[in-house]
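Colleague: Have a look at this one.
The values are calculated or read from the model by the stated rules, or taken from the named source; none is laboratory data. From a predicted model like this one, the values you see are computed outputs, not experimental measurements. Don't worry about glycine lacking a Cβ; one is built from the backbone with ideal geometry, like all the others, and counts go over all protein chains shown. For the accessible areas, the whole protein counts, side chains as well, though only heavy atoms, and no ligand, DNA or RNA atoms are used. Shrake-Rupley method; radii C 1.70, N 1.55, O 1.52, S 1.80 Å.
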Amino acid sequence: MKRSGAQIIWECLVKENIKVIFGYPGGANLPIYDAMRGYPQIHHVLPRHEQGGGHMADGYARVSGKVGVAMGTSGPGATNLVTAIATAHMDSIPMVFITAQVTSKLIGYDAFQETDVTGITLPITKHNYLVTDVYDIMPTLREAFYIAKSGRPGPVLVDITKDAQQAFIEDWEYDDTPIHLKGYRPDFTPALASIKEAAALINSAKKPVILAGHGILMGNAMKEFKEFAEKAHAPIAMTLLGMGAISAHHPLNMGMMGMHGESWVNHAIQDADLILAFGMRFDDRVTGNLNNYAKNAKKIHIEIDPSEVNKNVKVDVGLIGNIKEILTQLNPFVEKNDRKEWLKVISDMKGETAVRDIVNLPDNGHLYAAQVVNDIRRLAPKNTVITTDVGQHQMWTAQYFKVEDAHTWVTSGGLGTMGFGLPSAIGAKFASPESEVWTVCGDGGFQMTAAELSTIAQEEIKVNIAIINNGFLGMVRQWQEFFYDKNYASTPMKSPDFVKLAEAHGLKGIRVTKRSEVEAAIKEAQAHPGSVVIDFKVEQEDSVYPMVPAGASLHEMIRRPSSIVETPLDE
Amino acid sequence: MLHTLVILVEDKPGVLNRVASLFRRRTYNIESLTVGHTDIPGVSRMTITVVGNDDHIERLTSYLYKLVNVIQVEDLTKRKMVSRDLALIKISTQNEKRAEIFQMVEVFRAKVIDVTNESLIIEITGSDDKISGFIDVMKPLGIIEMVRTGAIAMERGSDSLINLAESGL
Ligand SMILES: Cc1ncc(C[n+]2csc(CCOP(=O)(O)OP(=O)(O)O)c2C)c(N)n1
């Protein structure tokens, strides 16, 4: 059949079973948009900024487990995607970005809206391509999808010149022969001997701790993981992105580790005699000072990317490959062991700190973000999808929104991208239309991509938007408070009236200033058929505790001053 | 210590950029880099020398393997290998040192490949040490210009380093 390059792009998306894409038109990708009408089975969402479109596709990928697709035109369209690409790259999200490039004979001549997009995105993509010939479009897109989702997933960018989009192939046919790339090896399997070696370490450990990472979710190994954890009966610490790998309410799940991890979790890691790192990469935010990290522990690392093993932390056994397969092999060698003593040590540590928890504080006239998050969790269904922006509210959400189900927790971990929350929630809604979707944003980050409210209105989707409005770039203010003598340089932030902003978009807006109003507002938002923005005016100078200062050892935590939690009721 | 890496890559546009960019991004310093075709269509061979300890080089190797176009990476440093560098040296003959120069060319088994009234071009191949030694000797005699290719290397013995079975070539 006769097909233009632009049509071939759509044909390939159909073959990849893509249901929704997020894109923005312009001069160089006009042929793609012109051809779109022939492919009504793909829903196209128009964001208000390409970055938003990129994060939408990212949120879609994280929740659906499928490849997210975002599109932009040449030049500024492509550069606007850069933050979204880097975000996906740091968090290993399977995505394909399709950008348009100026006509091939103009490349290199600084043509209008020409940018070296493959050059710019080289270090922030898993791989990228420049396509100048219509005959290369299909093979390249097929490779792009294959690379994006195989091995350690990641974003792949395909930059396609306008002339390639416009050229025709007379007798085009889709090729679905298996893809083989000379230099690409996504599949590794560890030797049985290494698996047995790991099992021996596990069986002889007295104080093991499992570090559960994103890899468990990416590898869909939740079932095998739970079986492992229960059999070994080892306590579990979660990375920020690992949440959902096992329910927060599972008795072995201690909670989050790292810079804002629970104190008992960090202490357990520091005291452990065996660290079981599953699909995580020992980021500096979870290890603290490497010289003092889990010094007495042997370490086993299950990881799909060979370059992550022995990168930050030297390990005793590295098992490289697909975590689902590895755990399936490993589990039969693991001996049942109740590890009573070790779990008792941990629960004692936990008991002591939980009573100081701010959500257990009676209403003292102040509204704390943690309480808002805690109430959303209490009132929202178990399978609620929650996305966050970046900052204090993100950490409070990580601590208090006890994530139960896999693929319901969406946050920018590796890059920490402000502006991620709202658009990723839009993408999440497309991935899981039946689920209740919430996003928790700071007043700062929300404003970075607030224009996407307009996308919500146009798409008529329902997302509940909780703005944790503290009048500051809170996380930076916290660092200024702790480490820069309270010099609040450029962190106080004036915001528009978020209720009116919602209304201007035809959405509902609610303002909450007291703890007693929180529950009613959440219920009102849930009951409203359209999207709702809730402006939670919270305590302005609250801080996230505990905190391991950057570069400090993991057990050196700044704790919440007891004066706050002991404030009398009627202060 | 100086490591000599042999990297087989797909012969595609931009691959050199990807490899070089990786060294920059992961803060490794390239000492020398050569690249050329192999006898296998579509496969190029790079020889890169880089300073680092064994851990660094092991990590670098796994980063290189992350590049989709990289087929094989071998560190020849601890194997029996031959490594050769080629230099062209243009030297002035105006200061009556012609005889001395020719003598040194003889001693180092170099070759004179261009002669004018005022200058010579000498070609020399050999190990890095040998070439550096020759350059030291030539310096006082008046080097006008010089260029070196950087090392290329091969393992000794009858086996091929190239293992394409694994990549299905
Ligand atoms: C795009 C971007 N710019 C800057 C930062 C640095 N940064 C990290 S947290 C933060 C403050 C966020 O403030 P806000 O959105 O109000 O959330 P809060 O911390 O108050 O919850 C900033 C500026 C970032 N992570 N991303």
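Colleague: Per 0.36 nm of contour for each residue apart, how much would the distance between B:Ser127 and B:Lys78 grow if the chain were fully extended, relative to their Cα-Cα spacing?
Modeller: Difference between extended and current length: 16.0 nm.
Colleague: Using 10 Å bins from zero, what percent of all Cα-Cα pairs in region B:1-119 falls into each bin?
Modeller: Each 10 Å bin holds this share of Cα pairs: 11, 35, 21, 18, 14, 1.
Colleague: What does the accessible area of A:Phe333 come to, in Å² to the nearest 10, when a probe of 1.4 Å is used?
Modeller: About 80 Å², ignoring ligands and nucleic acids.
Colleague: How crowded by other chains is B:11-23, given as the mean number of beta carbons from other chains within 10 Å of each beta carbon?
Modeller: Per residue, the number of nearby Cβ atoms from other chains is 2 on average.
Colleague: What is the extension gain from A:Glu227 to A:Lys514, computed as 0.36 nm multiplied by their sequence separation minus the C-alpha to C-alpha distance, in nm to one decimal?
Modeller: 99.0 nm
Colleague: Among the GluC sites (Glu not before Pro) within region A:369-454, which fall in a DSSP loop and have no more than 10 other Cβ atoms within 10 Å of their own Cβ?
Modeller: Answer in residue order: A:Glu434.
Colleague: How large is ³J(HN,Hα) for each residue in region A:293-307, as worked out from phi by the Karplus curve 6.51 cos²θ - 1.76 cosθ + 1.60 (θ = phi - 60°), to whole Hz, x for Gly and Pro?
Modeller: Each residue of region A:293-307 in turn: 8, 6, 5, 9, 9, 6, 9, 10, 10, 9, 7, 7, 9, x, 6 Hz.
Colleague: State log₁₀ I(q)/I(0) for region A:3-169 at q = 0.15 Å⁻¹ as given by the Debye formula over alpha-carbon point scatterers of equal weight, solvent excluded.
Modeller: Each listed q maps to, in turn, -0.69.
Colleague: Calculate for chain A the 222 nm mean residue ellipticity that helices alone would give, adding -39,500 (n - 2.57) per DSSP H run of length 4 or more and normalising by residue count, nearest 500 deg cm²/dmol.
Modeller: Using -39500 (n - 2.57) per qualifying helix, the result is -11000 deg cm²/dmol.
Colleague: With each label point set 7 Å from Cα along the Cα-Cβ vector, what nm distance links A:Ile42 and B:Glu31?
Modeller: Modelled inter-label distance: 5.0 nm.
Colleague: For A:Asp305, what charge total do you get from the other residues with a beta carbon under 11 Å from its beta carbon, if Lys and Arg give +1 and Asp and Glu give -1?
Modeller: With Lys, Arg at +1 and Asp, Glu at -1, the net is +3.
Colleague: Still on this structure: Do you know the relative contact order of chain B, to the nearest whole percent, from alpha carbon pairs under 8 angstrom that are 6+ apart?
Modeller: That works out to 26 percent.
Colleague: While we're looking at this one, here's another question. Rounded, prolate or oblate: which fits chain A, taking a ≥ b ≥ c as square roots of the Cα gyration tensor eigenvalues, rounded meaning a/c under 1.5, else prolate when a/b beats b/c?
Modeller: It comes out oblate by the Cα gyration axes.
Colleague: Follow-up. Write down Rg/Rh for region A:1-83, rounded to two decimals, with Rg from the C-alpha atoms and Rh from the Kirkwood relation over Cα pairs.
Modeller: 0.96
Colleague: So the label point goes 7 Å from the Cα of B:Arg148 along Cα→C-beta, right? Which residues of region B:126-141 then have their backbone N under 16 Å from it?
Modeller: Once the point is set 7 Å along Cα→Cβ of B:Arg148, B:126-140 turn out to lie under 16 Å by backbone N, inside region B:126-141.
Colleague: Ok, one more. What is the sum of charges, Lys and Arg at +1 and Asp and Glu at -1, for the other residues whose Cβ falls under 15 Å from the Cβ of A:Asn29?
Modeller: -3
Colleague: Multiplying the sequence separation of A:Ala550 and A:Val14 by 0.36 nm and subtracting their Cα-Cα distance, what value in nm do you get?
Modeller: Separation in residues times 0.36 nm, less the Cα-Cα distance, equals 188.3 nm.
Colleague: Same structure, new question: Among A:Thr140, A:Gly318, A:Ala200, whose Cα lies farthest out toward the positive end of the dipole of chain A, if unit charges sit on the beta carbon of Lys, Arg (+1) and Asp, Glu (-1)?
Modeller: A:Ala200
Colleague: Related question: Rounded, prolate or oblate for region A:139-241? Axes are the square roots of the Cα gyration tensor eigenvalues, ordered a ≥ b ≥ c, and the cut-off for rounded is a/c under 1.5.
Modeller: Since a/c reaches 1.5 and a/b is larger than b/c, the shape of region A:139-241 is classed as prolate.
Colleague: In whole Å, what is the distance between the alpha-carbon centres of region B:36-70 and region A:103-130?
Modeller: Their Cα centres are 25 Å away from one another.
Colleague: Total Å² of accessible surface buried at the B-A contact, 1.4 Å probe, nearest 100?
Modeller: In total, this chain pair buries about 1800 Å².
Colleague: What range in chain B is the longest one free of GluC sites (Glu not before Pro) that are in a loop by DSSP and have at most 16 other Cβ atoms within 10 angstrom?
Modeller: The reported range is B:1-95.
Colleague: Excluding residues on the same chain fewer than 8 positions from A:Lys350, give the lysines whose Cα lies under 26 Å from its Cα.
Modeller: Answer for A:Lys350, where 26 Å is the Cα cut-off: A:Lys206, A:Lys207, A:Lys226, A:Lys231, A:Lys295, A:Lys298, A:Lys299, A:Lys336, A:Lys340, A:Lys382, A:Lys402, listed by chain and number.
Colleague: If you don't mind, another one. Relative contact order for chain A: what percent, with Cα pairs under 8 Å and sequence separation of 6 or more?
Modeller: After rounding, I find 14 percent.
Colleague: Calculated from DSSP H runs of 4 or more alone, at -39500 (n - 2.57) each and per residue, what is the 222 nm mean residue ellipticity of chain B, nearest 500?
Modeller: After summing the helix terms and dividing by the residues of chain B, the value is -8000 deg cm²/dmol.
Colleague: Excluding ligands, DNA and RNA, what is the solvent-accessible area per residue of region A:355-540 at a probe of 1.4 Å, expressed in Å²?
Modeller: That works out to 36 Å² per residue.
Colleague: Also, quick follow-up: Using θ = phi - 60° and the Karplus form 6.51 cos²θ - 1.76 cosθ + 1.60, what ³J(HN,Hα) does each residue of region A:172-178 get, whole Hz, x for Gly and Pro?
Modeller: Computed from phi, the couplings for region A:172-178 are 6, 9, 6, 9, 10, 6, x Hz.
Colleague: Which one of A:Asn364, A:Ala84, A:Pro31 is farthest out on the positive end of the charge dipole of chain A, using unit charges on Cβ (Lys, Arg +1; Asp, Glu -1) and the Cα centre as origin?
Modeller: A:Asn364
Colleague: Follow-up. May I ask you to list the residues of region A:121-157 whose amide nitrogen lies under 19 Å from a point 7 Å from Cα along the Cα→beta-carbon direction of A:Asp175?
Modeller: A:128-148
Colleague: Something else: Quick check: Cα centre of region A:317-353 to Cα centre of region A:357-390, how many Å?
Modeller: 30 Å
Colleague: A further question follows. Would you mind counting up the charge near B:Val82? Only other residues with Cβ under 9 Å from its Cβ, with Lys and Arg at +1 and Asp and Glu at -1.
Modeller: Value of the local net charge: +2.
Colleague: Here is a follow-up. Any chance you could get the radius of gyration and Dmax over the Cα atoms of region B:1-43, in Å?
Modeller: Spelled out, the Cα radius of gyration and Dmax of region B:1-43 are 11.5, 34 Å.
Colleague: I'd like the distance separating the alpha-carbon centroids of region A:154-219 and region B:81-132, in whole Å.
Modeller: Between the Cα centre of region A:154-219 and that of region B:81-132, the gap is 52 Å.
Colleague: Using the Karplus curve 6.51 cos²θ - 1.76 cosθ + 1.60 with θ = phi - 60°, work out ³J(HN,Hα) for each residue of region B:116-122 in order, rounded to whole Hz, and write x for Gly and Pro.
Modeller: 10, 5, 9, 8, 10, 10, 10
Colleague: Quick check: pseudo-label points 7 Å beyond the Cα along Cα→Cβ at A:Lys2 and A:Asn220, how many nm apart are they?
Modeller: 4.1 nm
Colleague: For A:Ser104 paired with A:Asn312, estimate the spin-label separation in nm (one decimal), with each label point 7 Å from Cα along the Cα-to-Cβ line.
Modeller: About 4.3 nm, to one decimal.
Colleague: Determine how large the accessible area of B:Arg84 is when every protein chain is in place; take a 1.4 Å probe and give Å² rounded to the nearest 10.
Modeller: About 120 Å², rounded to the nearest 10.
Colleague: I need to check one value: relative contact order of region A:362-506, counting alpha carbon pairs closer than 8 Å and at least 6 residues apart, in percent.
Modeller: That works out to 22 percent.
Colleague: Amide H to amide H, which residues 5 or more places from B:His3 or on other chains are under 5 Å from it, using H placed in the peptide plane?
Modeller: Those lying under 5 Å, H to H, from B:His3 are B:Val50, B:Val51, B:Gly52.
Colleague: List the trypsin sites (Lys or Arg not before Pro) within region B:86-169 that fall in a DSSP loop (any state other than H, G, I, E or B) and whose Cβ has at most 14 other Cβ atoms within 10 Å.
Modeller: B:Arg109, B:Arg156
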